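Asker: Just dropping this structure here.
The values are calculated or read from the model by the stated rules, or taken from the named source; none is laboratory data. Model, not experiment: these values are computed from the prediction. Using ideal geometry, Cβ is built from the backbone for each residue, glycine included, and neighbour counts are taken over all protein chains shown. When the accessible area is computed, the model is the full protein with side chains, heavy atoms only, and any ligands, DNA or RNA have been set aside. Shrake-Rupley method; radii C 1.70, N 1.55, O 1.52, S 1.80 Å.
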Amino acid sequence: MSQMIKAQAESRTHLTACHDCDLLFHIPHLKKGEQAHCPRCGALVMERKGNSLDYSLALALTSLILFVMANFNVLLRMNVGGRTQEENIISGVNELFVQGYWEIAVLVFIVSILAPLLKILCLFYVLIPLRLNTRFPYAKEVFSFYETLSPWSMTEVYMLGILVALVKLADLATINVGIALYSFAALIPFMAATDASLDDHEIWESLEPTD
Amino acid sequence: MKKLYNTAAHKGYLLCHTCHLLSKAATHVHSIHCPRCGTRLHSRKPNSLSRTWALTLTAYILYIPANLLPIMTVTMSGKGEPDTIFSGVKELVLGGMWPLALLIFFASITVPVLKLLILTYLLLSVQFKSSWRPKERTILYRITETVGRWSMIDIFVIAILVALVKLGALATIEAGAGAVAFGGVVVITMFAAMSFDPRLIWDALENDHE
Ligand SMILES: [Zn+2]
Ligand SMILES: [Zn+2]
Ligand SMILES: [Zn+2]
């Protein structure tokens, strides 16, 4: 009897390896919301999120709208003795270029503008066809690129940078915050929720060729 | 008696680090590709130790100009005042902005130094085949992987300030060469953490049993 249950349980597990310590072990078939951790080093090896594609797509779309608003509006406005200076996210990059510090300009451009934008666009490229039960060419490469981009998208760190700059300038001048700052602040939780909603194991399984 | 564990490397399995598919390696041929996503499969990240050493040492070297050279210069009414990372923190303390001083001290000084020291320690411990507390060392590795990005705060503050404080003769802010070096340290330590393979920490335990 117990032998049978064990055999049944065994067939519903599959072999996997831990990416952090290389341990080879069986993980049970996970239900929605369940996680599997490595028994040796504790790494999170698999998580079944079970969110619908529509949910992830809605979050990604909201992120895209907020991203556009954050980049095409005024971020900060400074008033000193009747003079007004406005800036948006790209003007910092531009000014660094003008001053000859192209290395930092490129770095700031990539981590605060390019990587977040590409991440959202990559998701649309992969998720929209999946939703329509099809696949675009190079969908796997695009999804793999999305995962590579993740550490280089630093919107939340940039936000903290804005706050630090605000405090530093507080006694020098009057600073008004623009629509871009609110949009940017809202973008961060939405991008985080988009990332968290994705079940990468499930996406890789659905990207597998079926023939 | 020590508990014996099976590892993928021992049993001839290869884990794809892109799509997490486990494949059985036929023999020990190189250039096997993942049947699902096409990524080239490796039992361990290729040349992980030498790559991580090279990047870590480069970051140490760059760390010197990053701290000695000014990261930005504030010019007010014609008088220019260059700021290094450390003098920036000192000014915040003198200005009574304690929380901000602590934040910048943590992000710009503690995080990069800690990251370099942890990477060095992990590299040495793997090199000397240490079997001491592998689980804790793996956790240290995960910390270096996630915390590094926060060092970028100072770079972002500079990017925001240079564009906003352009008030001609009244006040201007210019970036400095120290910021280039510091940005280099952040990026290179991120690459160093990515090229380190935490499975090497556990390989020392395997060799113990044989
Ligand atoms: Zn593990
Ligand atoms: Zn793969
Ligand atoms: Zn290899």
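Asker: Among A:Ala17, A:Ala58, A:Ala36, which is within 16 Å of ligand 3 (Cβ to nearest atom) and either more than 9 Å from chain B (Cβ to nearest Cβ) or under 19 Å from B:His20 (Cα atoms) (or both)?
Answerer: Values: A:Ala58 fails: within 16 Å of ligand 3 (Cβ to nearest atom); A:Ala36 fails: within 16 Å of ligand 3 (Cβ to nearest atom).
Going through A:Ala17, A:Ala58, A:Ala36 in turn, just one is within 16 Å of ligand 3 (Cβ to nearest atom) and either more than 9 Å from chain B (Cβ to nearest Cβ) or under 19 Å from B:His20 (Cα atoms) (or both): A:Ala17.
Asker: What's the number of the condition A:Asp200 fails, among (1) at pLDDT below 95; (2) over 15 Å from the mean Cα position of the chain (by Cα)?
Answerer: (2)
Asker: Also: Within the range A:78-99, work out how many residues are open to solvent by 10 Å² or more (accessible area, probe 1.4 Å), under 23 Å from A:Glu156 (Cβ atoms) and of a type in the set (D, E, K, R).
Answerer: The number of residues fulfilling the criteria is 1.
Asker: Another question about this same structure. Of B:Phe106, B:Phe156, B:Phe128, which residue is more than 8 Å from chain A (Cβ to nearest Cβ), closer than 21 Å to A:Ala165 by Cβ and either modelled with pLDDT under 95 or more than 13 Å from the chain's Cα centre (by Cα) (or both)? Let's see the steps before the verdict.
Answerer: Details: B:Phe156 fails: more than 8 Å from chain A (Cβ to nearest Cβ); B:Phe128 fails: closer than 21 Å to A:Ala165 by Cβ.
On inspection, the qualifying residue turns out to be B:Phe106.
Asker: Restricting to the range B:126-137, and then to whatever is out of contact with any helix residue (DSSP H, G or I) (no Cβ under 6 Å at 6 or more places or on another chain) and part of a helix (DSSP H, G or I), can you tell me which residue is farthest from ligand 1 (Cβ to nearest atom)?
Answerer: Selected residue: B:Gln127.
Asker: Any idea which of (1) buried (at least 20 other Cβ atoms within 10 Å of the Cβ); (2) out of contact with any helix residue (DSSP H, G or I) (no Cβ under 8 Å at 6 or more places or on another chain); (3) of a type outside the set (Val, Ile, Thr) is the one B:Ala169 doesn't satisfy?
Answerer: Going through (1) buried (at least 20 other Cβ atoms within 10 Å of the Cβ); (2) out of contact with any helix residue (DSSP H, G or I) (no Cβ under 8 Å at 6 or more places or on another chain); (3) of a type outside the set (Val, Ile, Thr) one by one, B:Ala169 breaks only (1).
Asker: Quick one: which residue in B:Ile139, B:Ile153, B:Ile109 is surrounded by 22 or more Cβ atoms within 10 Å (Cβ to Cβ) and of a type in the set (A, V, I, L, M)?
Answerer: Matching residue, one of B:Ile139, B:Ile153, B:Ile109: B:Ile153.
Asker: Hey, any hits in the range A:169-178 for a residue that's in a helix (DSSP H, G or I), at pLDDT below 95 and open to solvent by 60 Å² or more (accessible area, probe 1.4 Å)?
Answerer: No, the range A:169-178 contains no residue that is in a helix (DSSP H, G or I), at pLDDT below 95 and open to solvent by 60 Å² or more (accessible area, probe 1.4 Å).
Asker: Go through (1) within 26 Å of A:Asn176 (Cβ to Cβ); (2) under 17 Å from the mean Cα position of the chain (by Cα); (3) crowded, with 16+ Cβ neighbours inside 10 Å for A:Lys49 and report which single condition fails.
Answerer: Failed condition: (1).
Asker: Looking at B:Ala169, is it more than 23 Å from the chain's Cα centre (by Cα), at pLDDT below 90 and not assigned by TED's automatic domain parsing to the domain that holds B:Tyr5?
Answerer: In short, yes.
Asker: Kindly establish whether B:Leu41 is at the interface with another protein chain (Cβ under 9 Å from one of its Cβ atoms) and either within 16 Å of ligand 2 (Cβ to nearest atom) or free of Cβ contacts under 8 Å to residues at least 12 places away in the same chain (or both).
Answerer: no
Asker: Another one. Within the bounds of the range A:53-66, is there any residue that is open to solvent by 30 Å² or more (accessible area, probe 1.4 Å) and either within 16 Å of ligand 1 (Cβ to nearest atom) or of a type in the set (Asp, Glu) (or both)?
Answerer: Checked against the condition, which is being open to solvent by 30 Å² or more (accessible area, probe 1.4 Å) and either within 16 Å of ligand 1 (Cβ to nearest atom) or of a type in the set (Asp, Glu) (or both), the range A:53-66 yields at least one hit.
Asker: Take residues that are more than 16 Å from ligand 1 (Cβ to nearest atom) and β-branched (Val, Ile, Thr) and tell me which of the strands (runs of 3 or more DSSP E) falling wholly in the range B:12-123 contain 2 or more.
Answerer: The strands (runs of 3 or more DSSP E) meeting that bar are B:72-76.
Asker: Another question, if that's okay. Among the residues of the range B:39-65, what is the count of those that are within 15 Å of ligand 3 (Cβ to nearest atom) and out of contact with any Asp or Glu (no Cβ under 6 Å at 6 or more places or on another chain)?
Answerer: So the answer is 10.
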